[in-house]
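Below is one structure; the comments refer to it alone.
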Amino acid sequence: MYNDDARRLLYEWQGGQRSALYAAASSGLIEDMGALAGEITCCMNIAHGCGNMRELQDLKDLRKFCEFKVRGPIEINGEVYLALPWYEEKAE
């Protein structure tokens, strides 16, 4: 899976601005890896329930991508995050 594919899936399945998927897609930052994995698992259950095996496989690949492509921890304003490849550090 490529960065663009992962980001597209995160945006497609996100549930709004409070979603861990949305945060990961937009900023590249993960505040809580467990919450992100949980949301991806919920999406996998939906895809499976609809019989969409291709989307289910894409979501499985996304989960692996998020587990293996993160770097960090990164501290930003006293908060600790993990970062996906499209996170860009802001110059201070």
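Let's see how each residue does on (1) among the aliphatic types (A, V, I, L, M); (2) in contact with a strand residue (DSSP E or B) (Cβ under 8 Å, 6 or more places away or on another chain); (3) part of a strand (DSSP E or B):
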{"site": "4", "(1), (2), (3)": "no, no, no"}
{"site": "11", "(1), (2), (3)": "no, no, no"}
{"site": "18", "(1), (2), (3)": "no, no, no"}
{"site": "23", "(1), (2), (3)": "yes, yes, no"}
{"site": "59", "(1), (2), (3)": "yes, no, no"}
{"site": "62", "(1), (2), (3)": "yes, no, no"}
{"site": "65", "(1), (2), (3)": "no, no, no"}
{"site": "72", "(1), (2), (3)": "no, yes, yes"}
{"site": "87", "(1), (2), (3)": "no, yes, no"}
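Out of the residues in the range 7-21 meeting the condition of being farther than 13 Å from residue 84 by Cβ and touching a Phe, Trp or Tyr at 6+ places or on another chain (Cβ under 9 Å), tell me which one is surrounded by the fewest Cβ atoms within 10 Å (Cβ to Cβ).
Applying the filter and picking the extreme gives 16.
Only one of these conditions is not met by residue 28: (1) at negative phi; (2) surrounded by 15 or more Cβ atoms within 10 Å (Cβ to Cβ). Which number is it?
If we test residue 28 against (1) at negative phi; (2) surrounded by 15 or more Cβ atoms within 10 Å (Cβ to Cβ), just (1) comes out false.
I need a count of the residues in the range 25-37 that are closer than 14 Å to residue 10 by Cβ and in a helix (DSSP H, G or I).
7
Would you confirm whether any residue within the range 39-56 is in contact with a strand residue (DSSP E or B) (Cβ under 9 Å, 6 or more places away or on another chain), touching a residue at least 12 places away in the same chain (Cβ under 8 Å) and either in a strand (DSSP E or B) or not polar (S, T, N, Q) (or both)?
Of all residues in the range 39-56, those in contact with a strand residue (DSSP E or B) (Cβ under 9 Å, 6 or more places away or on another chain) come to none.
No, because not a single residue in the range 39-56 is in contact with a strand residue (DSSP E or B) (Cβ under 9 Å, 6 or more places away or on another chain), touching a residue at least 12 places away in the same chain (Cβ under 8 Å) and either in a strand (DSSP E or B) or not polar (S, T, N, Q) (or both).
Can you give me the number of residues within the range 17-47 that are within 20 Å of residue 73 (Cα to Cα), of a type in the set (A, V, I, L, M) and more than 9 Å from the chain's Cα centre (by Cα)?
Residues in the range 17-47 being within 20 Å of residue 73 (Cα to Cα), of a type in the set (A, V, I, L, M) and more than 9 Å from the chain's Cα centre (by Cα): 1 in total.
No lab work stands behind these numbers, since they all come straight from the coordinates. Treat the numbers as computed from the prediction; the structure is a model and nothing was measured. For neighbour counting, all protein chains shown are included, and Cβ atoms are generated from backbone atoms with ideal geometry for every residue, glycine included.
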